[in-house]
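The values are calculated or read from the model by the stated rules, or taken from the named source; none is laboratory data. Quantities reported herein were computed from a predicted structural model and do not represent experimental measurements. Neighbour counts are summed over all protein chains in view; Cβ atoms, including those assigned to glycine, are modelled from backbone coordinates with ideal geometry. Surface areas here come from the heavy atoms of the whole protein model, side chains and all, with no ligands, DNA or RNA. Shrake-Rupley method; radii C 1.70, N 1.55, O 1.52, S 1.80 Å.
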Amino acid sequence: MKICFINPAPRSYVIERGHETSGAYPPLGSLYIIAYLRQQGHECILLDQHATKIPTSRLLEQVKKYDPFVVAFNSLTDINHGKRSTFIAQKVKAWNPNVKIIFGNCHATFNHDRILAKYPFVDVCVRGEGELTTSELISAFEHNRELTNVLGITYRDKGNIRVNPDRPLIQDLDQMPFPDRSVLGNIKYFQNYGGLNADYGKFTSIQSSRGCPYNCTFCCQSHISQRKWRPRSIPKVIEELHQLESEGYTNLYWVDDNFTINRKRAIQLFQAMRREKFDFVWVCDQRVDLVTTELLQEMRRAGCHTLSFGIESANQRILNFFNKGFTPQIARTATMKAKKVGFDFTMGTFVVGAPTETLEEIKNTFVFAQTLGIDFPQFHIYGAIPGTDVWDKLVEEGTIDPEKYWENGVKTLVLPLEVVEKEMKKAYYQFITRPRFIFNQLLRTLKSHHRRKIIQSNLKVLGSPQGMQRFLKFTTTTWTHGDVPDSRQEQKN
Ligand code: B12
């Protein structure tokens, strides 16, 4: 059967930004499913509008040319991704009403019944891990079988919406074929930090484990992975790295929800990568309370050049609200250890604008960022989305109306957005204009081959005042989530 996978792009990416975005990451989830479906003998293509930024009209021409039986959408709740999926799906169904439209990933997992209720042109939502579910669904389509026994889907049945039981998590991830990156063709994927392209080689993302035992209340992973952590075996990961090396990949982003939760396994993986003499340059996310100098050194030696710490907030009250389970001091210690180990870049991601968070607390976080051993902060304005504990709590207590905000999430700021955005802009300027920071960055760049290569590949941006303008505008406007609640809008008007 012919299946066309689509990774839609938020409207702003296609229209306003053209070449410059928050980077282009391969939709790894779709690539896992495509690999599995191809193993079952199906034909699959991927149209990645998120990376190519082609106008939707051209995307539709490509769909029509391929003439698939099924069109499958990668859908996230944030940044209008889910809404874009419905926008394009409607046009596909209008072209050929017989095409089966299926949605997958977080937006479908947590809003499956709402999507089918609101959008009659969507036939099925695949919830959770998609390999086995999508394969069974396609085979049911192929043999005209009832969908009653396909676990993990929500579908239409004679005008009724049926929610089948959840599918158990895939226990042995080694059974899954490697993501099929051949469908990516020669699309250029890259990580973009504030307009700065962080990859000077061939970039892709890779996953060595799924799930996370923690339960941060702004994250949906615990609802997907039932707080279980499932690693792939190290030999399998090494085998995939050899495949990537043979395909010319040089820059990697590990998308594990919790890459180093099992420190012993993590160190074994890094030592195995060194034994294989891989020359990859890679990035990963790291919890601040899972750090030891030995772990950091092994990461560094195995090719980790950029480390991104989830620091979140300077305020213990907010860290507790998000159930992070650590203190600001632990975050500071972790970043200082990383600084000593000497990564080329250490980033810190922060969340401001939690429910009831005051301006003073927000400012604390902005100032706190300057006291850490990080090279760059990423401040996110928080937005509550379905599939997270914060969302469930705010819905339960009647603070937010889920019917209004399920498609894009909603901000929980108590302050006017402009006030926070203004303070955030100031915070970025203050962070990068500190003389000692500038001197230190220049010194480190002179010493770092990796940094010089990144500077080299971004001279156009860095060399022009417009480039710097764009860099700062991008950084201060991108990481904001969820719609502004009507009540705020009314206050604003
Ligand atoms: C890579 C990544 C990014 C990248 C790229 C995002 C992109 N749009 O391409 C960057 C760093 C830019 C990013 C940013 C953000 N991200 Co992000 N990101 C991820 C991350 C870490 C990995 C995604 C991945 O490759 N996973 C590996 C694959 C194998 O897993 P998977 O995608 O879940 O796929 C499985 C199933 O979901 C399903 N499936 C997946 N796709 C499809 C498609 C079909 C058709 C079907 C049937 C099934 C299906 O089957 C797959 C295989 O079993 C995920 C966390 C995660 N573990 O998924 C967060 C995640 C997707 N991000 C998230 C969020 C909220 C964001 C931000 C909005 C907020 C933020 N934290 O800044 C920003 C948005 C900014 C932006 N401009 O894009 C949330 C999404 C929540 C939601 N409900 O939508 C996640 C889930 C993190 C979390 N734990 O909450 N992100």
Checked T306, T335 against criteria (surrounded by 21 or more Cβ atoms within 10 Å (Cβ to Cβ) and at pLDDT below 95); the one match is T306
Report every pair of residues separated by at least 6 positions or lying on different chains whose Cβ atoms are under 6 Å apart, first residue within region 244-258 and over 17 Å from C212 (Cα atoms), second open to solvent by 50 Å² or more (accessible area, probe 1.4 Å). G248/K202; Y249/K202; T250/K202
Conditions first: (1) away from the ligand (no atom under 15 Å from the Cβ); (2) touching a Pro at 6+ places or on another chain (Cβ under 8 Å); (3) among the basic types (K, R). K264 passes all but one, so which condition is the exception? (2)
Exactly one condition in (1) surrounded by fewer than 19 Cβ atoms within 10 Å (Cβ to Cβ); (2) at pLDDT 95 or above; (3) not charged (D, E, K, R) is false for N186; which is it? (2)
Can you pull out the residues in region 403-438 that are within 22 Å of L372 (Cα to Cα) and not in a helix (DSSP H, G or I)? T433, R434
When you look at G373, is it assigned to a strand (DSSP E or B) and not aliphatic (A, V, I, L, M), yes or no? no
Residue by residue through region 376-402, note down the ones that are open to solvent by 10 Å² or more (accessible area, probe 1.4 Å), more than 20 Å from L76 (Cβ to Cβ) and not in a loop (DSSP other than H, G, I, E, B). F376, K393, E396
Within region 5-21, identify whether any single residue is at pLDDT below 95 and over 26 Å from D483 (Cα atoms), and answer yes or no. no
Are any of the residues in region 204-224 β-branched (V, I, T), closer than 30 Å to F471 by Cβ, in contact with an Asp or Glu (Cβ under 8 Å, 6 or more places away or on another chain) and within 11 Å of the ligand (Cβ to nearest atom)? yes
When the residues of region 377-411 are narrowed to those that are more than 14 Å from the ligand (Cβ to nearest atom) and in contact with a Ser or Thr (Cβ under 9 Å, 6 or more places away or on another chain), which ends up nearest to K83 (Cα to Cα)? I400
Could you tell me whether F431 is under 30 Å from V341 (Cα atoms), in contact (Cβ under 8 Å) with a residue 40 or more places away in the chain, open to solvent by less than 10 Å² (accessible area, probe 1.4 Å) and within 26 Å of the chain's Cα centre (by Cα)? yes
Out of all the residues in region 171-183, which are in a loop (DSSP other than H, G, I, E, B) and surrounded by 18 or more Cβ atoms within 10 Å (Cβ to Cβ)? M176, P179, D180
Looking only at region 334-370, which residues are of a type in the set (G, A, S), assigned to a loop (DSSP other than H, G, I, E, B) and closer than 29 Å to E298 by Cβ? G342
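Residue by residue, here is whether (1) modelled with pLDDT of 95 or more; (2) under 19 Å from the mean Cα position of the chain (by Cα) holds:
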position	(1), (2)
K83	no, yes
I88	yes, no
A94	yes, no
F103	yes, yes
D113	yes, no
K118	yes, no
S139	yes, no
E142	yes, no
Examine region 436-452 for a residue that is surrounded by 15 or more Cβ atoms within 10 Å (Cβ to Cβ), within 16 Å of the ligand (Cβ to nearest atom) and over 24 Å from the mean Cα position of the chain (by Cα), and state whether such a residue exists. no
Within region 22-33, restricting attention to residues that are under 25 Å from E131 (Cβ atoms) and out of contact with any Phe, Trp or Tyr (no Cβ under 6 Å at 6 or more places or on another chain), which residue is modelled with the lowest pLDDT? Y25
Long-range neighbours under 9 Å by Cβ, at least six apart or interchain, first residue closer than 28 Å to V283 by Cα and among the aromatic types (F, W, Y) within region 25-47, second in a helix (DSSP H, G or I) and open to solvent by 40 Å² or more (accessible area, probe 1.4 Å): Y36/L132
